[in-house]
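Asker: The structure that follows is given in the form of C-alpha cells.
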Amino acid sequence: METAYKIPAAARIGHVHLKVADLKRSLAFYCDLLGFEFMMHYGEEAAFISAGGYHHHIGLNTWHSKDAPPASREGVGLYHTAILYPTRKDLALIYKRLREANYTHIGASDHGVSEALYLRDPDNNGVELYWDKPRELWPRLSDGSLTMYTKPLDLSDLLKEAEK
C-alpha cells in the first residue's frame, strides 16, 4: 500500500450513530439535557439529532439493541463520542447546566490542547464535551512536536467563565 497518501486536512467526522436500549431515554439525555435538536424519527426505532439544524450529528437506534443491557466499559467498541464546543464559555455553560440538573457523574481534565468534561449516556457510552484551546497555546516539546497531558480541570474557574 502506498504510504504517501494523507487524508485531506478538511476531512471531519460527520456523525456518530449509536445503538441504544431505549430511544426515548436517549433522546431525553441528548436533547433535553445536552441540548441537541431533534431532527426526525426514522420509523419507530431510530431518531436523528443535531446542533444548529444539520441533518444529523448523532443517530440513535434500537435496531439491534432494544432493551439491551448497558455497554460494558471493559469490552471492545466506542470509547467515547467527543462533542466539540466552539468556546470555553460554551463548555462552561453546559457544565453549569449539568450541575443545575444534578448530573453528578462528571469527570474533567485539562489536556493542554483542550479542556474536557466526561460523562456516560444512559447506555453507558462515553461522552466527552470539550473545547480546543488556541493552537498557539498547545504545549510543545523543544523540537516543536506536540505534547499532551491529563491534569485536573479547575471546575470552579470554568464556572466563572459561565458568569461572564
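The values are calculated or read from the model by the stated rules, or taken from the named source; none is laboratory data. Just so we're clear, the structure is a prediction, and the values are computed from it rather than from any experiment. Glycine also receives a Cβ, built like all others from the backbone with ideal geometry; neighbour counts cover every protein chain displayed. Each accessible area value is taken on the protein alone, full model and side chains, heavy atoms only, with ligands, DNA and RNA left out. Shrake-Rupley method; radii C 1.70, N 1.55, O 1.52, S 1.80 Å.
Asker: Return P(r) of region 83-123 (all Cα-Cα pairs; 5 Å bins starting at 0; whole %; ordered from short to long distances).
Answerer: 6, 20, 31, 27, 12, 4
Asker: Could you sort out which of LYS24/LYS66; LYS6/LYS89; LYS19/LYS151; LYS133/LYS160; LYS89/LYS133; LYS6/LYS151 sit more than 23 Å apart by Cα distance in this structure?
Answerer: Beyond 23 Å between Cα atoms: LYS6/LYS89; LYS19/LYS151; LYS6/LYS151.
Asker: Right, another one. Pick out, in residue order, every one of the GluC sites (Glu not before Pro) in region 11-95 that is DSSP loop and has at most 13 other C-beta atoms within 10 Å; say none if there are none.
Answerer: Working: sites: GLU37, GLU44, GLU45, GLU74; in loops: GLU44, GLU45, GLU74.
Sparse-neighbourhood loop GluC sites (Glu not before Pro): GLU44, GLU74.
Asker: Round to the nearest 0.05 the FRET efficiency obtained for LEU141 and GLU44 when R0 = 41 Å and r is the Cβ-Cβ distance. Mind dumping the intermediate values first?
Answerer: Values: r = 53 Å, r/R0 = 1.29.
So the FRET efficiency works out to roughly 0.20.
Asker: What is the spin-label model distance, in nm, from THR104 to TRP63 if the labels are put 7 Å beyond Cα along the C-beta direction?
Answerer: Computed distance between label sites THR104 and TRP63 equals 3.8 nm.
Asker: Here's another thing I want to ask about it. Which one is right for this structure if volume of the Cα convex hull per residue in Å³ is calculated from it: (i) 178; (ii) 117; (iii) 102?
Answerer: The value computed from this structure is option (i).
Asker: Hey, can you find the accessible area per residue of the chain for me, probe 1.4 Å, expressed in square angstrom?
Answerer: Roughly 65 Å² per residue, with all protein chains present.
Asker: Using Cα centres only, tell me the gap between region 1-46 and region 66-117 in whole Å.
Answerer: Computed from Cα coordinates, the inter-centre distance equals 15 Å.
Asker: Could you compute the longest span of the chain free of chymotrypsin sites (Phe, Trp or Tyr not before Pro) located in DSSP loops and having at most 13 other Cβ atoms within 10 Å, not counting the site residues?
Answerer: The longest uninterrupted stretch comes out as 80-148.
Asker: For the chain, give the magnitude of the charge dipole about the Cα centre (Cβ charges: +1 Lys/Arg, -1 Asp/Glu; no others), in debye to the nearest 20.
Answerer: Working: 19 positive and 22 negative charges, 42 e Å.
For this selection, approximately 200 debye.
Asker: Moving to a separate point now. Leaving ligands, DNA and RNA out of it, report the carbon-plus-sulfur percent of the accessible area of region 106-159 at a 1.4 Å probe.
Answerer: Values: 1420 of 2730 Å².
Percent of accessible area from carbon and sulfur atoms in region 106-159: 52.
Asker: For ALA51 and THR87, compute 0.36 nm times the residue count separating them, minus their Cα-Cα distance, and round to one decimal in nm.
Answerer: Working: separation 36, 0.36 × 36 = 12.96 nm, distance 1.47 nm.
Stretched fully, the ALA51-THR87 segment lengthens by 11.5 nm.
Asker: What do you get for trypsin sites (Lys or Arg not before Pro) in region 1-35 restricted to DSSP loop and a cutoff of at most 15 other Cβ within 10 Å of the site's Cβ?
Answerer: Loop-located and lightly packed - LYS6, ARG12.
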